Amino acid sequence: MKNTLRQVFHSSKFLVGFILFVLILLTIWIYPFLNPGNPLEMIGVGTFAKPGTYVSVYDALNTGTETLRLPDADDKRVDQLLSDADRVSMLEWFDIMEIDVSDLDATDTEALLDLWFEHYDQSIKPKGMTQAKRNFYKRLDNSVRQIRSADTLKIMHPEEGELVERGSINKTDYVNVGDVANVKLLPLGTDNFGRDVLKEMVSATGTSIVIGLIAGIVATLIGLTLGLLAGYVGGWVDDIIMFITNIFTVIPGFVLLILISYSIGQEQRGASVVAIVIGLTSWTWTTRSVRSQVISLRNRDHVNLSKLSGHSLVRIVATDILPYIASYVVMAFILQVSSGILAEAQLSLLGLGPKTTVTPTLGLMMNWAMLYSAHTNGSWWAYFPVILTITLISFSLNLMNTGLDQVFNPTLRD
Amino acid sequence: MKKLLALLLAAALVMSLGTVAFGAEADVSELPREETLYFAGQQWGTVLSWNVMGTNQNNSMTIAGGPSGYRTLMFETLFMYNFMNGDIIGLLADSYEWSEDLTQVSVVLKEAAKWCDGTPVTAADVAKTWDVSVQVGNTTGSTYGAYIDAIEPTGDKTFVIKAKLDEEGRPVNPLKVTDFLTGAPIAQAAWIDTLVERNGGDAVSILNDPGDDVVWSGPYTKYYADDQKVVLVRDDNYWGQDESMWGKLPVPKYIAHTIYADNPAGELALKAGEVDVCQQFIGNIQDLWLKDGLPISTYYEEAPYGVCLTMPTAWYNMNMPVLAENPALRKAIAIAVDYDTIIANAMTNQSPSFADVPRSLMNPTDGEQALYNHDAVADLQWAGNDIEGAIALLDEAGLVDTDGDGWREYNGEKISLNAVCPNGWTDWQASMEVVAAAGDKIGVEITTLYPEWDIYQTVFTNPNQTEYAIFMWSPEAASPSNPWTRVNQFLGKDYVGVENNWSGNWGQYVNEEADAIIKQIPLTTDEAELIDLYTKLTEIYLTEVPSFSLMYRPSLFHAVNESVWTNFPAGDDGREIPPADCTDGYGIAALYDLELVG
C-alpha cells in the first residue's frame, strides 16, 4: 500500500493534479473565514458592477484630506471628460452648423471649449440629425461643462429646509484610501443580482464538488455492483444485466438526464437530488469495463482455489477480485466526479439545475449570467471565472486520473 | 466509377438543397432597405390566420393589441387611444357622443373611410361586426359582450351603441363601452357574410377560418408570411391619405418582422441595425449608446427610458388560510421586500422607484396619479426594505418563532410559502428571488419556484388552486376605462371563483366594501367624488394588502435604431405621439412622420 502510494505520488501528472485539487479545496475551506457572510446576499443594487475596489464617496468626503499638486492631474481629468473621439465629434457639429473652424486647433482644449459654448445649444435640432446623435451631443455638452466648473465644490447639508454649507472639496484634495471607513474590494465584481461573484463562486465550487462526489459515488456503486455480478456470475444474470446496460448505453445519457430532471419538477430539485439523478444516468460504462475485467479475472487460479475452498460469492468478489480492479475503479470514480460536475453545469445552464436561492452552484451562476446576457454586454467577470473554475476542477481530476493510469496500466508504464 | 456517381449525386443533392433554401430567402431579401421598416419583439412563430373575426390568429403585426392601442396597420378601429394624454382620436369614426344617462353612445363615421375594395365603411359594417362577434364569441364579443347590448345603424354613416343595463336600468359599465371604441377592429359586412356562408354559420369554423380573402381598411396589407418573416406592404389606395384623416400615406413601403428565436436574437439584430423598432425588454439599454456608441435611442433619454403603464404584481393566494387570515403577514412581506433592488436588477432602472411614485392602485402617468388624494394615504404607503417594521408587525400579530428553528409559526405550523413565476421570464424570476430574500430576513420561509409557462398558466388561472402562495401577474396597463379596470382587477369581486380566470383578482380576495365602491365608480362623473372613491379604495388596498406591485413597467418597449430611419417619436419632441412601437393606437402616427437618415 505504502509502496503504491509512493509510486502514485512519484507520477508528476498525478502530483500536479492533486496539488491543484487540494488548493481548490483549501480555498473553499479558508476563504469563508476571510470573507464571512451569506454568499447569496445581494450587496449591490443593480446588475454587474465591474471588478475593482469600491470607495464610499460619502465616507471619503468625511475623511481628512491631503493636498497634492500633481502636474498631470488636470490633463487626466480633461482626458476622461473629453476624449479624442469627442473632439472629432465636436468638429463635426461645427461642420453641420457651418461654423468656420479652419484656424482652430482641436487639441487646444480651451479654444475648442470657447467655441463650443459659444455655439452649442441643447435645443437646436439640426435637420437630418438622429435622436441618438442629438442625445450624444447633449451628454458631451454636460461632460465638458464639468471641465469648466469651479476649482472648488461645496458640500451642502440640508437643515430645517435650508442648505447649510458644511465643507468644500478642492481639485487638489486627496484622501488616503486606508483612512476611508468603507472600502470594499470586489475582485470579481458583482453578478446580475448584485452578489459578490468571488464569494458566491467559492461557495458554489464547494457545492459543485459535493454534487460531483455524490454523483460519482452513486454511479460507481451501481456500475461496480452490476459489473461485478455480471462478470463473475455470468450466465443469464450476465445476459439480463448486459441487456439493461446496453439499453442505457444506447439512450444518450444527457437526454435521459434532461428528461428525468424535467419530470422531477423544480420543487424537488435540491442539489443532492440533482447529484443522484446525474449518478443514476452515468453508470453504464463503469459496468461494461468492470464486467470485462472481472471476466478476465474469474478463471485465474487463485479465484478457482477460493471456489474450491467453498468461499461465498461475496467473499470471493470482495477479496479475490475487487483488489485487482480497485485501481481501475478509483480512476473511473475520479472521472465520474469530473463528469458529474460538468453535467450539473450543463443541466443548470439549461435551467434544469438545482432550484435557486438556496445554494449557489457553478452551473446556476452561469445560467443567470446567460439569462442576463452577460456574454453580450461584456460582463465577463460573471461567467468567465466560473468557466475557468470548472475547467480547473476537471483538469485537476483528469490529471490525477492520467497519473494513476500511468502507474497502474502496464501498457503505459515507463 | 460508382464512387464518382455517388459523389456527383451527393453534390447535386447539396446544391438543390441550397437553391431551395436560397429561393425561400430571395423574396424577402429583395426588400429595399430604404423603403422597409423592420420590427422585432412582436411576432413569435408563424402567422396562423388573417381572419380578423377569428381567434388564435398568432398574427401580431395586424391583429393584436387592446383598448390601450389596437395595432391598426391592416384592420382599423373606430378611434385611436393616446395614452400620453388620454385623448381619443378619430380613425374610422369622426366623433362620438354619450347620451345624458350614459345608456347609449352615438357615433358618426368618417365620410372618407373606405375599404380596400373602394366601398365606403358604413354603419352596417360596424353593426355586422358586432353581431357576428357576439354570435361566434371572438375577442371583441367576449370582451365587450357583458357591456354592450346592441349596435344599431341610424343612417349610412351613423349608429348608436346601446349599453347593457342592470336591473335598475343603469348602464352596467359605460367605461367598457368606451374601450370598445378604441379596442375593437371593424370588418366589412359583405366579407363577414361570405365568411359566415362558407362556414355554414358554425361558430368554431368561423373562428378558425384562415381568412385569406379578408377585406381591410388600413394602410398596409399582407405581402409575404412564412415561419421566417412577416412582411406587410403599403396599400397606396389607402383612404387615410384623405385630408380628413392623415392627409398622406405612411412613409415606409414595407413593414417587415423577422421571426426571431428569442429575445437575445432580436436584441442582437437591433444592435446590428437589422431592426429599426424593437419591442423587447433590453437590460441596461443605456449601454447600447453609452458604451457601444450605437445609434439607438428610447422615448426618454434618461431612466426610465419609456412610459411605464403597468405594474407587475405579486398576488397572495387567499385560498391559503395562513395568508387569508393574516393581513399582518401580507403587509410584513410586502414592506420587507427590497424594491430598489428589484427595480435596479430586474428592470435595470427602467422603472420609477416607489419613492418617486408612491404605491397605490394607479400607474405612474400624471392622469391616473391625479385620481387619488396622496396626502390621505401617505402613512399607509411603503417604499420597501423595512425589515424592522416588518418584524414588529409580525411580532405584534403573534406570528412568532415558538420552536426556535429561526422560522415563524402560525397555529403551531411553520409558515412556509413559495414565490412563483413562469420559468424563463427573467425579470420576474429575479423579482421572486428578491421576495424570497426578504422572507429570509424576517423569519418567514419563502422559496422560489419557476414552473414552465404551460403549467403556470393553468394553475394561476384556477380559482381553487393552493399550489402557489405568492405568484406574479400584471394588471391592465392603460385604456379609456382605466384605472377602473385595474382597480377592479385588484379588489373586485366579479372574478372570484371564475374558472379559467384571465380577467383579474387572481388571489381571490373578497372585500364587500371595496366591491361596492368599485361598482359605483363607472357611473360617477363628478371629478371630486371620483377622487374620493379612488382614495378610499387605495386605503383599503394598502391596509389589506391582497397583492403588492413589484415595479412599474412599460406595457410596450420602444427602442429604435436610427441607422436607416429617423424622426421616431421622442418624449421631448412635442408631438405627443405615444411610444407604442409605431403601430398601436395613436402610436401609428409615427409612421407618417418618419424620415430617412442623411
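What follows draws every value from the coordinates through simple rules; no lab data is involved. Quick caveat: nothing in here was measured; it's all calculated off a predicted structure. As a convention, Cβ positions derive from the backbone with ideal geometry for all residues, glycine included, and neighbour counts pool all protein chains shown.
Of note:
- Per-residue HN-Hα couplings for segment B:383-391 [Karplus 6.51, -1.76, 1.60; θ = phi - 60°; Hz; x = Gly/Pro]: 9, x, 6, 9, 5, 4, x, 5, 4
- Across segment A:144-215, the volume of the C-alpha convex hull divided among the residues equals 223 Å³ per residue.
- When the convex hull of its Cα atoms is viewed from all sides, the protein assembly as shown shows a mean projected area of 59.0 nm².
- Stokes-Einstein diffusion for chain A, with the hydrodynamic radius set to the Kirkwood value over Cα pairs and evaluated at 25 °C in a medium of 0.890 mPa s, equals 90 µm²/s.
- Only helical runs count toward this figure. For the protein assembly as shown, summing -39,500 (n - 2.57) over DSSP H runs of n ≥ 4 and dividing by all residues gives -13500 deg cm²/dmol at 222 nm.
- Eigenvalues of the alpha-carbon gyration tensor of segment A:59-169, scaled by 5 and square-rooted, set the equivalent ellipsoid semi-axes at 33, 20, 11 angstrom, largest first.
- Alpha-carbon radius of gyration plus Dmax, which is the widest Cα pair, for segment B:313-549 in Å: 17.3, 56
- Using the Cβ-Cβ distance between B:THR194 and B:GLU413 with R0 set to 60 Å, the FRET efficiency from 1/(1 + (r/R0)^6) comes to roughly 0.40.
- Peptide A:38-51 - average C-beta neighbours from other chains (10 Å radius): 4
- Exposure rule at most 16 other beta-carbon atoms within 10 Å, DSSP loop GluC sites (Glu not before Pro): chain A longest free segment: A:161-414
- Across chain B, Cα-Cα pairs more than 49 Å apart make up 15 percent of the total.
- Taking trypsin sites (Lys or Arg not before Pro) across segment B:76-169, none is in a DSSP loop with at most 14 further Cβ atoms lying within 10 angstrom of its Cβ.
- Per-residue mean of foreign Cβ neighbours for B:300-309 is 1 (Cβ atoms of other chains, 10 Å radius).
- With the alpha-carbon atoms of segment A:1-144 aligned to their principal axes, the span from lowest to highest coordinate is 89, 41, 35 Å, starting with the largest.
- Hz values of 3J(HN,Hα) by residue in segment A:19-26 - Karplus curve (6.51, -1.76, 1.60), Gly and Pro given as x: 4, 4, 5, 5, 4, 4, 4, 4
- Degrees, to the nearest 10: A:384-408 long Cα axis against longest axis of chain A: 30
- Neighbour-limited loop hits for GluC sites (Glu not before Pro), segment B:114-215 (at most 11 other Cβ within 10 Å; DSSP other than H, G, I, E, B): B:GLU167, B:GLU168
- Principal-axis tilt of helix B:189-198 within chain B, Cα atoms, nearest 10 degrees: 90
- Chain A, relative contact order in percent, only Cα pairs under 8 angstrom and at least six apart counted: 25
- Applying both filters, DSSP loop and at most 14 other Cβ atoms within 10 Å, to the GluC sites (Glu not before Pro) of segment B:481-528 gives B:GLU499.
- Expressed in units of 2.2 N^0.38 Å, where N is the residue count, the Cα radius of gyration of segment A:251-312 is 1.80.
- Within a Gaussian network of chain A (alpha carbon springs, distance under 10 Å), most fluctuating of A:VAL175, A:VAL45, A:VAL78: A:VAL78
- Once you reduce segment A:65-131 and segment A:254-320 to the center of their Cα atoms, the two points are 73 Å from each other.
- Derived scalar couplings ³J(HN,Hα) [segment B:305-316; Karplus, 6.51 cos²θ - 1.76 cosθ + 1.60; whole Hz; x for Gly, Pro]: 6, x, 9, 7, 10, 10, 9, x, 10, 9, 9, 8
- Rg over Rh, two decimals, segment B:157-244 (C-alpha only, Kirkwood Rh): 1.07
- Whole-number D in µm² s⁻¹ for segment B:65-198, Kirkwood Cα-pair radius fed into Stokes-Einstein, 10 °C, 1.306 mPa s: 106
- Shielding by partners, peptide A:131-143 (average Cβ within 10 angstrom, other chains): 5
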